Amino acid sequence: MTAILDAGLRIPEDVALIGCGNLQFDSSLRVPLSSVDQRNKMIGRRAAHLALRLVEADDPLRPKAILLEPELVIRSSTRKQSHLPLPRPFLCGGDSQTISEHNTLNLKTT
C-alpha cells in the first residue's frame with residue numbers, strides 16, 4: 001500500500017487492494033483495507049467441538065465436509081463497480097466441485 005501511494009497512485013481510483021484474513025489493523029491503515037474474512041474464530045470453535053466429539057465418541061466418527069463461507073468486508077481500498085460481477089467465494093483447501101456449488105457472497109461494509 002505504501003509503495004502504491006508513494007508512487008503517486010490513488011487507492012482505490014487507480015489501484016484497488018484487498019487483503020485476506022480481515023485482521024484487526026486492516027481498518028486502521030492509511031487507506032482502510034477491504035478483506036476476505038475467513039472466519040478464523042468460527043473455524044477454531046468448530047475444530048474444538050469436533051475434538052471434543054472425537055474424545056467422547058465410542059465409535060470412530062465418519063469424515064464429513066464442513067463448509068464455512070468467507071465474508072467480503074468492503075472498506076475504502078476498493079470501490080463498488082456496479083457493472084462488474086462480484087467474484088465467487090473461495091474455500092481454502094476446498095475442491096472445485098464444492099466451490100462451484102456455492103455462488104453467494106456475504107457483503108459487510110464497515
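Tabulated values for the structure
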{"quantity": "Flag if Asp14 is surrounded by 10 or more Cβ atoms within 10 Å (Cβ to Cβ) and either in contact with a helix residue (DSSP H, G or I) (Cβ under 7 Å, 6 or more places away or on another chain) or in a helix (DSSP H, G or I) (or both)", "calculated": "no"}
{"quantity": "Any hit, region 76-98, residues being at pLDDT below 90, out of contact with any Lys or Arg (no Cβ under 9 Å at 6 or more places or on another chain) and acidic (Asp, Glu)", "calculated": "yes"}
{"quantity": "Residue under evaluation Gly8, criteria (1) under 17 Å from Arg75 (Cα atoms); (2) free of Cβ contacts under 8 Å to residues at least 12 places away in the same chain, criterion not met", "calculated": "(1)"}
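The values are calculated or read from the model by the stated rules, or taken from the named source; none is laboratory data. This is a predicted model, so every value here is computed, not measured. Glycine gets a Cβ as well: all are built from the backbone with ideal geometry, and neighbour counts include every protein chain shown.
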